[in-house]
Structures are given as structure tokens and as C-alpha cells.
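Here is the structure we will look at, set down as C-alpha cells.
The values are calculated or read from the model by the stated rules, or taken from the named source; none is laboratory data. Note that the structure is predicted; figures quoted are calculated from it, not measured. Here the Cβ positions follow ideal geometry from the backbone for every residue, glycine too, while neighbour counts run over all protein chains shown. Ligands, DNA and RNA are stripped out before the accessible areas are found, and what is left, the full protein with its side chains, is counted by its heavy atoms. Shrake-Rupley method; radii C 1.70, N 1.55, O 1.52, S 1.80 Å.
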Amino acid sequence: MITSAGDPRVMTGRLHDAGMTVFHVVGSLRNALKAADAGVDGVIVEGVEGGGFKNPQAASTLVLLPLVASRVRLSIIAAGGICDGPSMAAALVLGAQGVQMGTRMLTSAESPIHDNLKNAVVGADETATVMLSVRGLPTMRVLRTLTAERALAAGRSDVGLDGIPALYFTGDLAASMANTGQVAGRIAQVEAVADIIDQTWAGARAALDDARARLDV
């Protein structure tokens, strides 16, 4: 069970009683230490470049992951900015035991979201997301759509989060905000989940071997 966005003490005990393993999503060292004190089995460390709800003062995965790994003796999954073998290899070197790929899997062939959103992610560059912090909405990283740009300019949004089902499943990009990580700029095509996993696994090994070879030069 993955929990997030709240006090991990609320659910961890009950989930353990039900026989579940609990990982809690954290965006700061303070939250990671709090989760460890609550007895979770592991943490998902997500930097500010990841999509979705965020603390605007949070650190990137490159900074946050090794910091948490140096202070927390739990299994660590890295998230935020990860979409392939080299980024997985970097996460492993920085202290993670595994990775979570949100935006990458969002745009997989099997993902049920509409092709309009998948194509918007595939067509995005590295500047195509924005940290949106406006009145009436939680702070979150979203795709830089026209709707997001208007909200950013006005300091408020004319649409809330109720339109997310329409955005995801009917392809209406104006219906709400599209939670998407900066890694959208590195996703070039829609692929099957099995291919994504196979390429990521093989790519991580190749990246680590290549790094070792460069160190030995």
C-alpha cells in the first residue's frame, strides 16, 4: 500500500494489521524521518521535478534522494525525473533500491488515458511543465497547457480538479490541469509497458557498466 499527503501514523498501523507492506511518499527529509518513526516499511522519495502535488520549496531528486538515503534506514524507491535506464542507474547510485515512473507509465500503450494527453506528453520539451501555485488549487506540477498558462497569468484558475476525469479519459485538455513531471521532455514515444521495463532494466545495467569504464580510463 502506498500512502502520501498526510500523517503516516494515521494508517500505517491499521495497514500492517491487515498484512500489508506500507510505503509512504515523501518530498523532504523531515517527512522521511517522520515516516520512519511511524513504522512504514519504506519510502518513495520524490523530488520537485515530479508531477502532481508539490511543496514549491522542495528539493530535486538529485539532492533529496542521497540526503534521505544517508539518514533513513529503510527501503527507498526513487521517483521524479525517472523514465529510462540511465535515470534508474543514477537513482540506484544515489541510494535507491528501485524506481517509480509516473509520467512514463502514464503515456504507455496500456495506460487508459486519452491519446490527446499521451501525445501532449510525447510532444513536450524539457520546459513544458510549470509549478502552478494559484488561489483555490493545491500547488502542483502540471503540463504547460493553455489552461495552465491562463491560471498562472491570472493567479487563479477558472477550472478546478473536478474536470480531471474529462481531461484524462475524453482528452479535453482544457477541462483541468494535467499533472505531469518534467521528465515529459525526455519521453519520445508511446511504448508497451513490457518494453519500457525491459529497456529500463537493460539500460540501467548498461549505464552502470559504461560509468565504470569511464572511471577506469
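Checking the structure you have, find out if any residue of region 170-177 is at pLDDT 95 or above, open to solvent by less than 40 Å² (accessible area, probe 1.4 Å) and farther than 22 Å from residue 112 by Cβ.
For region 170-177, residues at pLDDT 95 or above, open to solvent by less than 40 Å² (accessible area, probe 1.4 Å) and farther than 22 Å from residue 112 by Cβ: absent.
Name the pairs: first residue in region 158-174 and over 20 Å from residue 135 (Cβ atoms), second residue open to solvent by less than 50 Å² (accessible area, probe 1.4 Å) and of a type in the set (Val, Ile, Thr), Cβ to Cβ under 6 Å, at least 6 apart or on different chains?
That search, which allows pairs on different chains as well, returns 168/113; 173/145.
Just give me the residues in region 108-129 being among the hydrophobic types (A, V, I, L, M, F, W, C), within 16 Å of the chain's Cα centre (by Cα) and within 17 Å of residue 164 (Cβ to Cβ), in sequence order.
Scanning region 108-129 gives a single hit, 121.
Give all pairs with beta carbons closer than 8 Å in which a residue from region 191-212 that is on the phi < 0 side of the Ramachandran plot meets a residue that is assigned to a helix (DSSP H, G or I) and charged (D, E, K, R); count only pairs at least 6 apart in sequence or on separate chains.
From region 191-212, the pairs are 196/104.
Being in a loop (DSSP other than H, G, I, E, B) and either charged (D, E, K, R) or in contact (Cβ under 8 Å) with a residue 60 or more places away in the chain (or both) is the filter here, so list the residues in region 4-21 that pass it.
7, 9
Of all the residues that make up region 155-172, how many are touching a strand residue (DSSP E or B) at 6+ places or on another chain (Cβ under 9 Å) and over 16 Å from residue 51 (Cα atoms)?
3
Can you pull out the residues in region 26-50 that are touching a strand residue (DSSP E or B) at 6+ places or on another chain (Cβ under 9 Å), of a type outside the set (A, V, I, L, M) and more than 17 Å from residue 1 (Cα to Cα)?
27, 31, 34, 47, 49, 50
What pairs come out if I take residues in region 104-117 that are over 14 Å from residue 172 (Cα atoms) and in contact (Cβ under 8 Å) with a residue 24 or more places away in the chain and pair them with residues that are of a type in the set (Lys, Arg) and open to solvent by less than 60 Å² (accessible area, probe 1.4 Å) whose C-beta lies under 6 Å away, six or more apart or interchain?
107/118
Considering every residue within region 45-61, establish whether at least one is crowded, with 19+ Cβ neighbours inside 10 Å, in contact (Cβ under 8 Å) with a residue 24 or more places away in the chain and in contact with an Asp or Glu (Cβ under 8 Å, 6 or more places away or on another chain).
yes
Among the residues of region 178-195 satisfying the criterion of being among the aliphatic types (A, V, I, L, M), surrounded by fewer than 21 Cβ atoms within 10 Å (Cβ to Cβ) and in a helix (DSSP H, G or I), which is farthest from the chain's Cα centre (by Cα)?
194
Can you report the number of residues in region 111-137 which are in contact with a strand residue (DSSP E or B) (Cβ under 9 Å, 6 or more places away or on another chain) and either surrounded by 13 or more Cβ atoms within 10 Å (Cβ to Cβ) or over 19 Å from residue 5 (Cβ atoms) (or both)?
The qualifying residues number 13.
Being open to solvent by 80 Å² or more (accessible area, probe 1.4 Å), more than 18 Å from residue 108 (Cα to Cα), at pLDDT 95 or above and of a type in the set (Asp, Glu) is the filter here, so list the residues in region 197-217 that pass it.
Scanning region 197-217 gives a single hit, 209.
Can you tell me which of (1) closer than 26 Å to residue 82 by Cα; (2) aliphatic (A, V, I, L, M); (3) touching a Ser or Thr at 6+ places or on another chain (Cβ under 9 Å) is the one residue 188 doesn't meet?
Only one criterion is unmet by residue 188, namely (3).
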